[in-house]
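Please find one structure pasted underneath; my questions will follow.
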Amino acid sequence: MQPFTLTSERLTLDMLTDDDSELMTAHCQDPIFEHTLTIPWPYAKSDAEFFITTLVPEWWEDDDEYTWAIRETGKPELLLGVISFRVYNDTIGYWMGAPFRGKGFMKEAVAEVTRWVFSTGRAEVRWEALVGNEASAAIAKSLGFVYTGVEPSSSEYRGGTHPPSWWATLTAPGENPSDTTEFAALPWPSSTRPMR
Ligand SMILES: CC(C)(COP(=O)(O)OP(=O)(O)OC[C@H]1O[C@@H](n2cnc3c(N)ncnc32)[C@H](O)[C@@H]1OP(=O)(O)O)[C@@H](O)C(=O)NCCC(=O)NCCS
């Protein structure tokens, strides 16, 4: 697919460019990323450049994964975070730079990307996060994702592992959830180990 821009009330979700590599590298020094994401670690500017100029364009072209830069509308030079929809397994993934957390930007971005996914006719978007990632879970929960339990992560983490992860599903308006009967009663978990 050709990359395209999404907009919401405060945000513009558009393409990462070479100019983002410095700020992306700075955001990705956050020690929490070592544990919550599958990005290279330690994270170098060459990792950001490879991601922006090679991986992301290839994934768009192959309809493998659609990745957007998250920016405040009117501030095109400032990269806040990144959000992706992985076409191959209908999952959503995201991170927000530490200075921009807690403003509801990520919730707004996830809402917009899921709205677009549903507009394409897909019936479900799935979410996963390592057990204990309450910040990520808060977003999924508040957008109405239904918690479906703990399963190994779909992504490969350090050392080739697939650690236990919380999973949840958001169903498009008017569609029947595939898992409702079995999972609807599961309460969202809470952890004593919040990550932020
Ligand atoms: C997960 C992450 C993107 C959340 O970003 P954020 O900027 O805090 O998100 P928002 O401001 O949009 O917050 C959305 C909701 O989460 C809540 N929240 C944020 N951090 C929280 C925490 N540590 N514990 C509980 N709730 C939290 C907010 O209060 C808000 O809830 P509300 O809508 O009911 O008020 C950010 O913490 C991050 O990038 N973490 C590291 C990378 C990561 O873990 N990515 C997800 C991998 S699955």
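Here's a check for you: in segment 119-130, which residue that is outside any helix (DSSP H, G or I) and farther than 17 Å from Phe33 by Cβ is farthest from the ligand (Cβ to nearest atom)?
Ranking the candidates gives Gly121 first.
Restricting attention to segment 62-80, report how many residues are charged (D, E, K, R), assigned to a loop (DSSP other than H, G, I, E, B) and more than 20 Å from Gly102 (Cα to Cα).
4
What are the residues in segment 67-86 that are touching a strand residue (DSSP E or B) at 6+ places or on another chain (Cβ under 6 Å) and more than 20 Å from Glu49 (Cβ to Cβ), if any?
Within segment 67-86, Thr73, Phe85, Arg86 qualify.
Among the residues of segment 115-135, are any in contact with a strand residue (DSSP E or B) (Cβ under 6 Å, 6 or more places away or on another chain) and of a type in the set (S, T, N, Q)?
no
Hey, could you check segment 10-36 for residues that are surrounded by 18 or more Cβ atoms within 10 Å (Cβ to Cβ), touching a residue at least 40 places away in the same chain (Cβ under 8 Å) and assigned to a helix (DSSP H, G or I) and say which is farthest from the ligand (Cβ to nearest atom)?
Per the criteria, the residue is Asp20.
Just to verify a result, which residue in segment 141-162, among those that are in contact (Cβ under 8 Å) with a residue 24 or more places away in the chain and part of a helix (DSSP H, G or I), is farthest from the ligand (Cβ to nearest atom)?
Once the filter is applied, the top-ranked residue is Arg158.
So which residues in segment 119-140 are free of Cβ contacts under 8 Å to residues at least 60 places away in the same chain, surrounded by fewer than 17 Cβ atoms within 10 Å (Cβ to Cβ) and of a type in the set (A, V, I, L, M, F, W, C), if there are any at all?
Of everything in segment 119-140, those that are free of Cβ contacts under 8 Å to residues at least 60 places away in the same chain, surrounded by fewer than 17 Cβ atoms within 10 Å (Cβ to Cβ) and of a type in the set (A, V, I, L, M, F, W, C) turn out to be Ala123, Ala138.
Select from segment 103-118 the residues that are more than 7 Å from the ligand (Cβ to nearest atom), of a type in the set (A, V, I, L, M, F, W, C) and under 17 Å from Arg10 (Cβ atoms) and list them in ascending order.
Ala109, Val110, Ala111, Val113, Trp116, listed by residue number.
Identify the residue in segment 90-118 that is assigned to a loop (DSSP other than H, G, I, E, B) and touching a residue at least 60 places away in the same chain (Cβ under 8 Å) and, among all such residues, is surrounded by the most Cβ atoms within 10 Å (Cβ to Cβ).
Across segment 90-118, the extreme among qualifying residues is Gly97.
For residues in segment 65-81 being surrounded by 14 or more Cβ atoms within 10 Å (Cβ to Cβ) and out of contact with any Ser or Thr (no Cβ under 7 Å at 6 or more places or on another chain), which is nearest to Phe33 (Cα to Cα)?
Gly81
Bear in mind these aren't lab numbers, they're just calculated from the coordinates by the rules spelled out. Predicted, not measured: the structure shown is a model, and the values here were computed from it. Glycine gets a Cβ as well: all are built from the backbone with ideal geometry, and neighbour counts include every protein chain shown.
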